[in-house]
Amino acid sequence: MKTRTAAAIVLLATLVSLSSCRRERAPVKPDPLLNAYDTEADWNNPDHILPLTYQQAQGKRVFYEKCVWCHADSTPAGPSNRSNLNPTPALINDGKVLNPMSDGYLQNMITLGGSALGKSALMPPWGKTLTQNDIRALIAYTRAVAQPPYQAPVSPRPQYSVR
Amino acid sequence: MAAEEMGKTPKRLRVAFAISSVLFLAALAVSPVKDLMREWRHYKREYVRFAEGRPDTKVLLADFHSDMDQIWIPELNVTDRCVTCHQGVTQPSLLDASVPEPFRAHSPIPHRVMDWGCVTCHRGQGLATEAKEAHDTTKAWERPLLAIGYIQASCGVCHGSDLPETPRLNRGRAVLDNLSCVGCHRLPGVQRPPMLGPDLTDVGVKVSRVWIYKWLKEPRTILDANGSVTVDGVENEAEPRMPRFRLTDAEILALSAYLSALTSKPIPPYRFEPRVLAAWEKRPDVMDQGEVRFREMFCTTCHSVAVTRAGETKLIGGDIGPELSKVGSKVNQDWLTAWLRDPQSYLPNSLMPRYGWSDEDLYKVTRYVMSRFTDPDLLSDVPKLGVPSPEEMKLGRRLFTEKGCSSCHVIAGVRMQSDFGPDLSNVGGKTTSQLMFGESPIPHDLVSYIQAKILDPASVNPAARMPQYHFEAGDLQALTTALLSMTGGQTTPGLATLVVPRIERQFHPAGEFGKVYERYKCYVCHNFQGFGGALAPDLTFEGSRAPRAWLVSFLKNPQTLRPTLTLRMPQFNMTDGEAATIADYLGLAMQSPLVNAQEVDPTNFTAQEAALGKQLYEVKYQCQSCHTIGATGGYVGPNLSNAGNWLNAAWMEAWMRNPQALVPGTMEPRRELADPETRALTAYLLTLRGQAGGPAGGARAAQGGAR
C-alpha cells in the first residue's frame, strides 16, 4: 500500500515537473546575408559580400549619390574625380585613415566641410544639403565597409547597479 | 456521536485524504510554476542582467516591469507582444551590432515602431508568446516572419511609388517592368504600356523565316571568350527582352512559318537620289564614312553594340533600344532604310526618334549597319526550312495564341490574350497551404516557392507555360521582394486608408511643340514635370536656366557635351524652325517660380564683383574640385567654360541659393552663400564665354546612363 502511494506521488511529481520544464531553445543562427537589409561587396575583394543594416544601407545610397565621385576610384559614370584632386581624398573604405577618426569628428567634417576643420576646402560642407540623419547613416556605412575593419571604441564600465 | 465517529475515521481514509490534498495542491501549483518558467520570463531576466552590464543601466531599465509587454493599436489590428523579449527596440544606445538579440534597438526608420507595431512590416504572429510561434510557420500560424533581406516588400505594400530608402524593392519593380511581366500577369498598380513586344503584323517584311527560327530557338546570341552570354539589348543583365520559351522543333517550325508569311504591307525599296548612288555606291570608304556618321549621331545612346577588346566581349551603349551587334544578319536593307526614315510608320509606338536624314547620310549609315553588324555564323545552324506549308501556318497561328505570344505581341486580326498567366495581385499574401509545391524538394514556404517558380517555372508545375529566365542572385532577391509586396490590398481597414498609391504623371503638350516633342521623343531621355526618362538633364525648368540663343544652337548641334560621356544627345539634324519651336516653348512654359529674370540684370555687374567672384571660386570655395573651366578642374559638375552664354544670371543666383529647389537631388552642395558672394560668383561666371562649354548637368547624364 505504502509503496503504491509513494509510487503515485513520485509519478505525479515527475509529471508536474515535466510539464513545467521546457527546453531552453538555442537561438537560431540566421544566414547573415538573408537578414541583411542591403549588401555591398568589399572593395578590396569583390567575392566578400558585406551585410548592411537599414542605416548603413541609407548611408550607401547617400554615398553613391554625393560622395562616390571623389571618394572612390570608380564611379557609376565610369571615371573618378579623385585623381584630379590635390590633396587626394581618402577612399571611403580606407580604414587606416578613417578608423582613427571619431564619429563626432566625421560628422563635423561632413557637415561643415574641410575648410572649417583646417583641412582642404576641396571638401564642401554638406550640412545644408544632407540631414544629420543622412550624415550619421553615411558614417555608419563608412564603418561597415572599412578595411581593415572598424572596431567601435570600448564603452566604459557601468558606474552603478540597480540592485 | 458525530464527533465520535469523526474520531473513529479509519486511518486509511485519513491517509487518502492527506495524499489527495497534497496532490490537489501540487496540481494547483503546476500553473504558477509553469508560468514562472515561461520562455519570455527568461528573456526578461536576461535583459536586466544585460542592462546592468551597460553604462546607461538607469535609462535602459526606466520603463522595465517584469510582466508581458505589448503594442496595441486597434485601428491597425496590431496586438504585438514582440517587445516582451525585444525589450531594447526603442533604446537608441542599443543600436550597435555588438548588442545581442533579442535586445538590439530597431534601426532608425522613417516610421515610429510604437505607432505601427511589429507584424505590420515583419509579419509573424504578434500575439504569440513563444519565439517559435511568433517567428516560424507552425500549425497555428502560416505567415512566418519575413527575412530582413525581403523586408522592403513591406514598404511596398503601402508605398506604390519608389522610395529612395528601398533600393531592392525599386530594383525588383524595375525588373518586373523590364521583363514585361504585365503582358501575362495582372500586377497591382501597373498599367499595361501601349507596346510590350514589337507589333508583328508585318514581321515578314522585316526578317526571314530562318532568323525567326533561330531567335525562337535561342535569343541569346553574343558570347564572350569565356563562353558567357551577353544578351539582347540589356547591358550587364542576364536576360534578353524576349525570354526562351519551351518550344519543340515542330512548334518553332510552325511559328516561324506563320510569322514569316505576315507581309500585309510590303515595303517598296527606297529610291535614293541617283546623284548619291553615283557618288557613293562604288566608293571603297563608304562603310568608314557610315561609321563616322553612326558615331556622330550617337545611336549608341540608346542601342548597344558588342565590342571585343583583348579577348573580352562587352556590350557598349544604352539599353533603350535593342542591341544591334548582329542586326545586319537579321533585317533586310529595304526595311532598315524605311525604318530609319520613319520608324513610327512600321511601329506606331516605337520610341525611336524620326531623324532628319540627308539621302547621303541615310545611304552611308544603312550600308555601314548592314555590312559591319553581321555574323556569318549566326544562322548557320538552322536546318533547311523551305517554303511554309499551309498546315505549318495554321498550327503556327494557333500556337501564337496558345503559347502566350499574343500577350506581348500584337498581330492585326489576332485577338490579344489578357490574363494569360495567373493574377499576381496577391502573390505575396499567400499562406503556405495555398501554394502547390508539386514534387519539388524545396522548403515549404512562400519565399522558396516564389524563387523556385521564377528560376525554373517547371520545377513546381511541370505544365507551366511561363518561359525560362536567367537571373543574377541580386535580381532574384529584388524580384522576390517586389512580388512579396503584392499582398492583394491591405490586411486591415486602418492600413487601407494610409496607402500611398503609385503616381503616374503624363506630359504630352499639344500644338507645334507637341509635334516636335513626339517626333524626337524628347521624353525618352529627358524629364518634363515628373514624366519621362532619367538619362539626361531634367528640363522642367530649362526655360529659366538657358537663354534662347544657347538652346537653339545646342539643339542644332549638340556636340558640345563633355568628352568623358559615352551616352550623349543624338544629332537629330533638326531644322531651324524645329529648334526655334522647342526653344520658344521651353522659354515660355518651362519656368521656375524661384528664378525671376527681371530681378537680375546681367549687364549690371561690375568688374570688381567679377574679380571677387573669381577669388571665391578658386580659393575660398574651390569650385574647381568639381567644375572645369578651360582645361583645368574636376568633372563631377558640368563644364563652366561657357557659363556666361549657357546660363541666365537669375538662374545662377537662384541656383547658388538652393540648387536642390531647382533640380531635386542634384549633386551640387547647398551652401546658402551670403548675397554679396552669390552676386560676385554670378558676375564671374557671366564673364566665362569660352567655346568648350558643357551643358547642364552633364554628370547627371553620365550617372543615369550607367544605371
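The values are calculated or read from the model by the stated rules, or taken from the named source; none is laboratory data. All values reported here derive from a predicted model rather than from experimental measurement. No Cβ is skipped: glycine too gets one built from the backbone with ideal geometry, and neighbour counts run over all protein chains shown. These accessible areas exclude ligands, DNA and RNA; they are computed on the full protein's heavy atoms, side chains included. Shrake-Rupley method; radii C 1.70, N 1.55, O 1.52, S 1.80 Å.
With the whole protein complex present, residue B:605 retains an accessible surface near 40 Å², based on a 1.4 Å probe. Element breakdown for the protein assembly as shown at a 1.4 angstrom probe: carbon and sulfur atoms account for 58% of the accessible area. Relative to the longest principal axis of the Cα atoms of chain B, the long axis of helix B:511-520 lies at roughly 80 degrees.
Pairwise Cα distances in region B:498-549 exceed 19 Å for 35 percent of all pairs. Ordering of B:120-132, B:501-513, A:51-63 by packing is A:51-63, B:120-132, B:501-513, highest average first (other Cβ atoms within 10 Å, averaged per residue). Applying a DSSP loop filter and a limit of 14 other Cβ atoms within 10 Å to the GluC sites (Glu not before Pro) in region B:377-482 leaves B:439, B:472.
The HN-Hα couplings worked out from phi for region B:106-114 by the Karplus form 6.51 cos²θ - 1.76 cosθ + 1.60 (θ = phi - 60°) are 6, 3, x, 8, x, 9, 7, 3, 5 Hz, whole numbers, x standing for Gly and Pro. If one takes the longest principal axis of the Cα atoms in chain B, at what angle in degrees, from 0 to 90 and to the nearest 10, does the Cα axis of helix B:390-402 lie? Compared with the principal axis, the helix lies near 50 degrees. For chain B, the solvent-accessible area works out to 50 Å² per residue, with a probe of 1.4 Å and every protein chain left in place.
Please identify which residues in region A:52-72 have an amide N closer than 17 Å to a label point set 7 Å out from the Cα of residue A:107, following the Cα→Cβ vector. Hits in region A:52-72 for residue A:107 at 17 Å: A:55-56, A:59.
Starting from the Cα-Cα distance between residue B:96 and residue B:377, subtract it from 0.36 nm times their residue separation and give me the gain in nm to one decimal. All intermediate terms of the calculation are to be shown ahead of the outcome.
Details: separation 281, 0.36 × 281 = 101.16 nm, distance 5.87 nm.
So the chain would gain 95.3 nm between residue B:96 and residue B:377.
Couplings 3J(HN,Hα) of region B:299-307, computed from phi: 4, 6, 5, 10, 9, 9, 9, 6, 10 Hz, in residue order, whole Hz [Karplus 6.51 cos²θ - 1.76 cosθ + 1.60, θ = phi - 60°; x for Gly and Pro]. Diffusion coefficient of chain B by Stokes-Einstein, Kirkwood radius over Cα pairs, 10 °C, 1.306 mPa s: 51 µm²/s. Could you tell me how many degrees, from 0 to 90 and to the nearest 10, lie between the Cα long axis of helix B:39-52 and the main elongation axis, the longest principal axis, of the Cα atoms of chain B? The angle comes out at about 80 degrees.
Modelled spin labels at residue B:11 and residue B:52, positioned 7 Å past Cα toward Cβ, are 5.1 nm from each other. Computed from label points 7 Å out along Cα-Cβ, the spacing between residue B:515 and residue B:434 is 5.3 nm. Taking θ as phi - 60° and the Karplus parameters 6.51, -1.76 and 1.60, the scalar couplings of region A:38-50 work out to 8, 9, 8, 6, 4, 4, 8, 8, x, 7, 8, 9, 9 Hz in sequence order, x denoting glycine and proline.
Dipole orientation for region B:438-549: of the candidates B:446, B:493, B:460, B:493 has the Cα lying most toward the positive pole (charges on Cβ; Lys, Arg +1; Asp, Glu -1). When peptides B:421-427, B:670-676, B:449-455 are ranked by their average number of other Cβ atoms within 10 Å per residue, the highest-first order is B:449-455, B:421-427, B:670-676.
Burial here means at least 10 square angstrom less accessible surface with every protein chain in place than with the chain by itself, probed at 1.4 Å; in region B:47-66 the buried residues are B:48, B:52, B:53, B:54, B:55, B:57, B:58, B:61. In region B:631-649, burial by the other protein chains removes 30 Å² or more of 1.4 Å probe accessible surface, compared with the chain on its own, from B:635, B:636.
Using a 1.4 Å probe on protein heavy atoms only, how many Å² of accessible area do A and B hide from each other, summed over both chains and rounded to 100? If you can, show how the numbers build up before the last one.
Working: alone 11850 and 37420 Å², together 44710 Å².
Counting both chains, the buried surface is close to 4600 Å².
So what's the gap between the Cα centers of region B:388-425 and region B:627-651, to the nearest angstrom? Going from one Cα centre to the other spans 54 Å.
Counting only other chain Cβ atoms within 10 Å of each residue's Cβ, the peptide B:105-116 averages 2.
Within chain B, antiparallel bridges make up roughly 95 percent of the DSSP beta bridges whose residues both belong there.
Could you tell me which of B:687, B:407, B:71 has its Cα farthest along the dipole of chain B towards the positive end, charges placed at Cβ (Lys, Arg +1; Asp, Glu -1), taken about the Cα centre? Going by the Cα projections, it comes out as B:407. Packing here is the average count of other Cβ atoms within 10 Å per residue, and on that basis the peptides B:165-171, B:479-485, B:303-309, highest first, run B:479-485, B:165-171, B:303-309. Which parts of region A:119-140, residue by residue, lose 20 Å² or more of accessible area when the rest of the protein chains are there, as against the chain isolated (1.4 Å probe)? Buried-area filter returns A:121, A:122, A:124, A:125, A:126, A:128, A:129.
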